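Written out below as structure tokens is the structure these notes cover.
The values are calculated or read from the model by the stated rules, or taken from the named source; none is laboratory data. Here the structure is a predicted model, which is why all the values come from computation and not from measurement. Neighbour counts are summed over all protein chains in view; Cβ atoms, including those assigned to glycine, are modelled from backbone coordinates with ideal geometry. Accessible surface is based on the protein model in full, side chains and every heavy atom, while ligands, DNA and RNA are left aside. Shrake-Rupley method; radii C 1.70, N 1.55, O 1.52, S 1.80 Å.
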Amino acid sequence: MPTPIDEHKRPDLTPLVKASETIGQILKKGDIVIYESTVYPGATEEDCVPVLEKVSGLRFNEDFFAGYSPERINPGDKEHRVTTIRKVTSGSTPVVADRVDALYNEIITAGTHKAPSIRVAEAAKVIENTQRDLNIALMNELAIIFNQMGIDTEAVLEAAGTKWNFLPFRPGLVGGHCIGVDPYYLTHKAQEVGYHPEIILAGRRLNDGMGSYVVSQLVKAMTKKRIHVDGARVLVMGLAFKENCPDLRNTRVIDIVRELDEYNVSVDIYDPWVDVAEAQHEYGVTPIDEPASGAYDAIIVAVAHAQFREMGAQCLRALGRAAHVLYDLKYILPADKSDIRL
């Protein structure tokens, strides 16, 4: 089940409620309904269970029970799969919690962690991605600062990374159906109970603005090379929200495309991983089959697909005109092989 937000960045539980209505129609005594969707603490018991009760006519924790075991999956990762990632489990009563935990232990070879309540399990899931979001936001802010100072961000992070407890996060676009969305579920619940979160929302604002920042850096670099921006042709390499997967959900590469449109730039999007029909449906853009050689005033490597890494600087440069800008957003090239790095 997706974890959507509406246009005001408020949680949209419609898919979850509809699913609960469907389950409620077939619910019978003794059943356990286990949810895996990322939600804010309390959503399972406060929003979903009442729907199950209403539709089924059964009583919660008397006639039927609930469990919660948040999804843990990393798209495109062949090493960390469902069975090899430790699973958090929980249940609406101690006995049900044991049954839910035992069920998952039958298939999760990495083992499980039984949380003391459904609310704890819900909270644990939502902060996993919130923590990552904030760490990337810090890296993005550092990149902006270091760019202003003329310091290569990746070189700084490599130096700092020699300390054993320095976390290896990197700046970049924060998209996908989890990291860029889940924090809003937590902040929504926090505001509901009377607390206005500062740090979490600040990180979200910064990360949501990175597409605009990338384009501003590109425009400056093009101007320095006396490349006319209005009417320029730019190749954006990658549309998926992360490398080596076809997932387009909440990709922030589209922010770069939209921002370039504001400069009256002609944009070609190239991504061999994504489905063209899905890109058209979700974002109204049509990725090209192959980029044209020597055709572009600027090339942005927005996603670190293996195919792009294998091309190397020479092949990437060959896509540009005599005067062009190569923006390596993902650090796939050595520092001296591109014109800009984040």
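Residues in the stretch 40-54 include at least one that is of a type outside the set (Phe, Trp, Tyr), touching a residue at least 60 places away in the same chain (Cβ under 8 Å) and in a loop (DSSP other than H, G, I, E, B). The set of residues in the stretch 148-177 that are within 23 Å of the chain's Cα centre (by Cα) and open to solvent by 20 Å² or more (accessible area, probe 1.4 Å) comprises Glu154, Phe166, Leu167, Pro168, Phe169, Arg170, Leu173, His177. Residues that are more than 30 Å from Cys178 (Cβ to Cβ) and crowded, with 17+ Cβ neighbours inside 10 Å occur in the stretch 265-288; there is at least one.
Cβ-Cβ contacts under 7 Å between residues 6 or more apart (or on different chains), taken from a first residue in the stretch 191-207 that is in a helix (DSSP H, G or I) to a second residue that is of a type outside the set (Lys, Arg) and open to solvent by 30 Å² or more (accessible area, probe 1.4 Å), are listed as Ile199/Leu134; Ile200/Leu134; Ile200/Leu186; Gly203/Leu134; Leu206/Glu141.
Can you tell me which residue is surrounded by the most Cβ atoms within 10 Å (Cβ to Cβ) among those in the stretch 181-190 that are part of a helix (DSSP H, G or I) and among the hydrophobic types (A, V, I, L, M, F, W, C)? Step by step, filter the stretch 181-190, then rank; the result is Leu186. Residues of the stretch 205-218 that are within 16 Å of Thr251 (Cβ to Cβ), crowded, with 19+ Cβ neighbours inside 10 Å and under 17 Å from the mean Cα position of the chain (by Cα): Asn207, Met210, Gly211. Residues that are in contact (Cβ under 8 Å) with a residue 24 or more places away in the chain, within 23 Å of Leu186 (Cα to Cα) and not in a loop (DSSP other than H, G, I, E, B) are absent from the stretch 98-110 altogether. Across the stretch 1-36, which residue is nearest to Thr89 (Cα to Cα) among those that are open to solvent by less than 30 Å² (accessible area, probe 1.4 Å) and in a strand (DSSP E or B)? Per the stated criteria, the residue is Tyr35.
Just checking, which of Val55, Val39 is surrounded by fewer than 19 Cβ atoms within 10 Å (Cβ to Cβ) and touching an Asp or Glu at 6+ places or on another chain (Cβ under 9 Å)? Lay out the reasoning, then the answer.
Values: Val39 fails: surrounded by fewer than 19 Cβ atoms within 10 Å (Cβ to Cβ).
Val55 is the lone residue from the list that is surrounded by fewer than 19 Cβ atoms within 10 Å (Cβ to Cβ) and touching an Asp or Glu at 6+ places or on another chain (Cβ under 9 Å).
Scanning for something free of Cβ contacts under 8 Å to residues at least 60 places away in the same chain, open to solvent by 20 Å² or more (accessible area, probe 1.4 Å) and out of contact with any Lys or Arg (no Cβ under 6 Å at 6 or more places or on another chain), does the stretch 233-245 turn up at least one residue? There is no residue in the stretch 233-245 that is free of Cβ contacts under 8 Å to residues at least 60 places away in the same chain, open to solvent by 20 Å² or more (accessible area, probe 1.4 Å) and out of contact with any Lys or Arg (no Cβ under 6 Å at 6 or more places or on another chain).
Just checking: which of the strands (runs of 3 or more DSSP E) contained wholly in the stretch 232-342 hold 3 or more residues that are modelled with pLDDT of 95 or more and charged (D, E, K, R)? Break it down stepwise before answering.
On the way: elements: 233-237, 266-270, 296-301, 320-328.
In the stretch 232-342, there are no strands (runs of 3 or more DSSP E) which contain 3 or more residues that are modelled with pLDDT of 95 or more and charged (D, E, K, R).
Kindly indicate the residue of the stretch 308-339 that is closer than 15 Å to Ile227 by Cα and in contact with a helix residue (DSSP H, G or I) (Cβ under 8 Å, 6 or more places away or on another chain) and also most open to solvent (accessible area, probe 1.4 Å) among those meeting that condition. Explain how you work it out, then say what you get.
Applying the first criterion (closer than 15 Å to Ile227 by Cα) to the stretch 308-339 yields 320-327, 339.
Checking the rest, the ones that are also in contact with a helix residue (DSSP H, G or I) (Cβ under 8 Å, 6 or more places away or on another chain) come to 324-327, 339.
Values: His324: 19, Val325: 1, Leu326: 0, Tyr327: 1, Asp339: 65 Å².
Filtering the stretch 308-339 for residues that are closer than 15 Å to Ile227 by Cα and in contact with a helix residue (DSSP H, G or I) (Cβ under 8 Å, 6 or more places away or on another chain), the one most open to solvent (accessible area, probe 1.4 Å) comes out as Asp339.
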